[in-house]
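Notes for the one structure printed next.
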Amino acid sequence: MAHAERAHSKWGMSVLYRYSRCPGSVRLCEQVGPRPSSPWALEGTQAHELLETYLLGIRQTPDDGPPDMIAAVKVAVDYVQDILDDYPDAILVVEQEFQIPSLAAPDEVWGINDICIYIPSMRLLYVIDYKHGAGVPVETIGNEQVRGYGIGALHSHPEWGVDTVALVIIQPRIFNFKLPIPEEWVSETEIWAFRDKIDDAIRAAQEPDAPLVVGEKQCFFCPAKATCPARQQQMLTVAGETFGDVQQVTPAALAAAETLTPDRLAYILDAGDLVRDYIEAVRAEAFRRAMAGTHIPGRKVVEAQARRSWEKAGSEQENAQTAVELFRISGLPPDKFMETKLVGITEAEKLMKDAVRERATKGKKKEAVEEAVAKMAFLTTKKSSGTLSLVAEDDPRPGKNMATEAFSGAVNLPQIGTDQ
């Protein structure tokens, strides 16, 4: 199948993980049909193109794009460059389309590896997936999608002798450009074993009565989430089982929060993100139809309110000089309308790392950057805001026992009882 046609194949690795969790979503998405690309998807495509052109040497620096995008892409570029510096025999492969030898859907399971690095001397293969999104963190350990990419890399290059596969997901905007980038190292045998799970997911999705299974991970990017009957039922159940359809939902129909049991509170909190995401999906679908000319009862499309901004006819420096002269005429000193301060810590750290990397000799760049980052750490401090949050029990942060801490200042409390 030609690359241009691949975009319409339902067995792409980028969505197979959803089918494994919700087999019925395949049938539902086919009924909905293709959806227009979102601004976030288009932004992700632009970021991947920028990353590809830099790694292939088409440009010397990734400077064609928004500053935030350039900074994010640089994280991936630096990570790859460190590996290439450490291993002179490394082989870099970028944006390679692959097929997976599937029994359930022969010649129809495919994907595109963002970055692969094979190191013959180590019999080591890096499989790297770059994610530009800033909203949904993706766990590296046990990730099904990147395992599928690993199968694709091994199948595409049978000539490579691989013992170990390093699975990497780079998400710079999720983690605010913090290092290190997480890796999962597995055996080549473990990667191949995952092929059976892919076939199991496809067979389950091919069943005529494949079930719809609501869940945060599978629903978040599903094109059919706005019309999914399972999600609609989930929303009604969570909101409070006292009404039968959406038209009956009123504030009076919902149980007051203070009357809910702890179990009910936990249930609603667990499903709250699904409901919130569902409402946003419905809002997006209503906007799409309104923009296409469909009347949504009680709604209308309006132009966003205009807001003032500084004129940018000239360069930023020219505009600043003009503003300074204008305010001087009025007698207002510059320090009243202009700020002078350090750039953010993340930006400063990236600028410093780029400068150090540029000066360091080959093979010493990674060591030089780590030393510079360690020195910069003495100029910064990190402390909690003291704000408390109620989070899921599997959150890695230690829990706080508020009942215990409420009495932490009390010492030598007298014993209360009968005299002996």
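The values are calculated or read from the model by the stated rules, or taken from the named source; none is laboratory data. No experiment lies behind these values; they were computed from the predicted model shown. Reconstructed Cβ throughout: ideal geometry from the backbone, glycine too, with neighbour counts over all protein chains shown. Surface areas here come from the heavy atoms of the whole protein model, side chains and all, with no ligands, DNA or RNA. Shrake-Rupley method; radii C 1.70, N 1.55, O 1.52, S 1.80 Å.
When peptides 145-151, 91-97 are sorted by average Cβ neighbour count within 10 Å, with the highest value leading, the order is 145-151, 91-97.
Ligands, DNA and RNA excluded, the heavy atoms of F220 present near 70 Å² of accessible surface to a 1.4 Å solvent probe. Cross-link pairs exceeding 27 Å between alpha carbons, from the set K74/K362; K131/K225; K341/K366; K217/K353; K131/K353; K74/K364: K341/K366; K217/K353.
Cβ-Cβ distance of I141 and E303, R₀ of 41 Å, FRET efficiency by 1/(1 + (r/R0)^6): the value works out to about 0.30.
What percentage of the solvent-accessible surface of region 89-191, computed with a 1.4 Å probe over protein heavy atoms, is contributed by carbon and sulfur atoms? Don't jump to the answer; show the numbers that get you there.
Working: 2210 of 4120 Å².
Its accessible area is 54 percent carbon and sulfur atoms.
Need one word for region 67-220: rounded, prolate or oblate. Basis is the Cα gyration tensor (sqrt eigenvalues a ≥ b ≥ c); a/c below 1.5 gives rounded, then a/b vs b/c decides. Could the numbers behind the result be given before it?
Details: a/c = 2.23, a/b = 1.24, b/c = 1.80.
Judged from the Cα gyration tensor, region 67-220 comes out oblate (a/c at least 1.5, b/c at or above a/b).
Within the full protein context, the accessible area of W185 is estimated at about 130 Å² for a probe radius of 1.4 Å.
Show M235, M13, M122 ordered by accessible area, largest first, where the area counts protein heavy atoms only and the probe is 1.4 Å.
Working: M235 25, M13 5, M122 105 Å².
If we order M235, M13, M122 from most to least accessible, we get M122, M235, M13.
Put a dot 7 Å past the Cα of H155, heading toward its Cβ, do the same for R21, and the two dots end up 2.3 nm apart.
Here the simple spin-label model places points 7 Å from the Cα toward Cβ, and for K375 and R203 these points are separated by 6.0 nm. Taking label points 7 Å from Cα along the Cα-to-Cβ direction, E97 and R359 give a separation of 4.6 nm. Residues whose amide H lies under 5 Å from that of I169, counting only those 5 or more places away or on a different chain, are D129; hydrogens are built 1.01 Å from N in the peptide plane.
Provide the FRET efficiency to the nearest 0.05 for the L260-D82 pair, computing r from the beta carbons and using R0 = 41 Å.
Values: r = 51 Å, r/R0 = 1.25.
Step by step, r from the Cβ atoms, then E = 0.20.
Short to long, the 10 Å bins of the Cα pair-distance histogram for region 51-121 hold 18, 38, 27, 15, 2 percent of all pairs.
Can you list which of the GluC sites (Glu not before Pro) found in region 121-188 are DSSP loop residues with at most 12 other C-beta atoms within 10 Å? Before the final figure, lay out each step's value.
Details: sites: E139, E144, E159, E183, E184, E188; in loops: E139, E159.
Hits after loop and neighbour filter: E139, E159.
Rounded, prolate or oblate: which one fits region 88-171, using the alpha carbon gyration tensor with axes a ≥ b ≥ c (rounded when a/c is under 1.5, else prolate when a/b beats b/c, else oblate)? Because a/c hits 1.5 or more and a/b fails to exceed b/c, region 88-171 counts as oblate. Derived scalar couplings between HN and Hα for region 357-365 equal 4, 5, 7, 5, 6, 4, x, 10, 5 Hz in order, rounded to whole Hz, by the Karplus curve 6.51 cos²θ - 1.76 cosθ + 1.60 (θ = phi - 60°), x for Gly and Pro.
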